[in-house]
1. Sort 172-178, 67-73 for me by packing, meaning the mean count of neighbouring Cβ atoms within 10 Å per residue, highest on top.
2. Step through the residues of region 68-76 one at a time and calculate ³J(HN,Hα) from phi using the Karplus curve (6.51 cos²θ - 1.76 cosθ + 1.60, θ = phi - 60°), rounding each to whole Hz and writing x for Gly and Pro.
3. Could you order peptides 52-61, 91-100 by the average number of other Cβ atoms within 10 Å of their residues, highest first?
4. Cβ under 12 Å from Asp112's Cβ, Asp112 left aside: what net charge do those residues give with Lys, Arg +1 and Asp, Glu -1?
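Taken together, the values in this text are just the output of simple stated rules run on the coordinates, not laboratory data. Everything numeric here is computed off the predicted structure, so don't read it as measured data. Glycine gets a Cβ as well: all are built from the backbone with ideal geometry, and neighbour counts include every protein chain shown.
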Amino acid sequence: MSRIYDALENHKMGDMPHEVMPSTPVSIPRNGRTNGNEVGMEVEMSRLYQTITAALPDTLRRRVLFVGPRSREGTSTIARELAKTVSLQMGKDVLLVDCDGNRDGFDYPETDPALKLEEILATGSSIDRALCPVNGRSFSVLPLFRYTVPSEGQAVCLENARRFWDSLRERFELVVIDLPQAVFSNGPSIASLVDGVVIVVEAEKTRWQVALSMKETIIKSGGKVLGVVFNKRRLYIPQFIYNRL
C-alpha cells in the first residue's frame with residue numbers, strides 16, 4: 001500500500017530517526033515510475049491529489065505550493081506529474097506555475113521579449129501572453145522563471161503579488177506552484193498567499209531536522225503545511241509485494 005505520509009504531523013519529533021524514513025511504504029520510487037510504466041505514477045498522483053483535497057475540504061479552487069528543503073529533491077517532477085494527472089485523468093482546469101526552470105518534460109515556445117515579470121504580476125491581461133497551453137485548455141504552464149533574474153528579486157515580487165495569486169484561483173481549479181528552495185528561502189511569506197504547502201524530501205537523504213525547520217518556517221510565515229512527499233524512495237522488495245500490503 002503506497003500513500004502520501006505526513007511524517008512531520010503524525011510523529012513525535014523526539015521519536016523520529018536522523019534520516020527522514022517513513023514507517024510505511026510511501027510515495028514515489030527512485031526510478032520515477034512504478035513497475036516501469038506511467039500507470040503507477042498516475043496512481044500515486046491521484047492519491048496525492050486526494051490527500052490535498054481532504055486537507056482543504058472547504059476550498060474548491062486550490063493553490064498548492066511545492067517546495068523542498070534542499071535543491072534536487074525532485075520537487076519539479078512531483079509538481080509536473082500532479083498537474084498532468086489532475087488535468088488529463090480528472091478533467092480539471094490546471095495551471096502549473098514554473099518558478100524553477102526545470103524543463104524536463106516540457107518544450108516551451110519562445111517568450112515575448114517585451115513582457116516583464118512585474119507586468120505579469122500586476123495586470124491579469126498579461127498572464128495570457130505568458131501562458132503555454134499543454135493540453136488544449138485544460139492544462140497550461142506559466143513559466144515565470146523566464147521573466148526573472150536573481151532569486152531574491154523574484155521572491156520579493158511573488159510575495160507582493162496577492163492580486164496575481166487571487167486571479168489565478170478565479171481562472172483555474174488547481175494551481176500547482178513549483179518553487180525552488182532558493183526562492184523560498186529569500187521570500188517564505190509566499191506561503192501565506194496560497195492555500196497550502198507540500199514539502200518534497202528525498203527519502204533516506206534529507207535529515208528530518210532540515211524538513212522540520214522548513215515546516216516551522218512555513219507556519220511562522222502564515223502558511224499551512226498539507227503534508228510531506230517522500231521522493232526517490234528505494235524499493236528494497238519488489239513493488240508488487242508493496243501493492244499487496
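1. Ranking the peptides 172-178, 67-73 by packing returns 172-178, 67-73.
2. Coupling constants for region 68-76: x, x, 9, 6, 6, 7, x, 4, 4 Hz.
3. Going from most to least packed, we get 91-100, 52-61.
4. Result for the neighbourhood of Asp112: 0.
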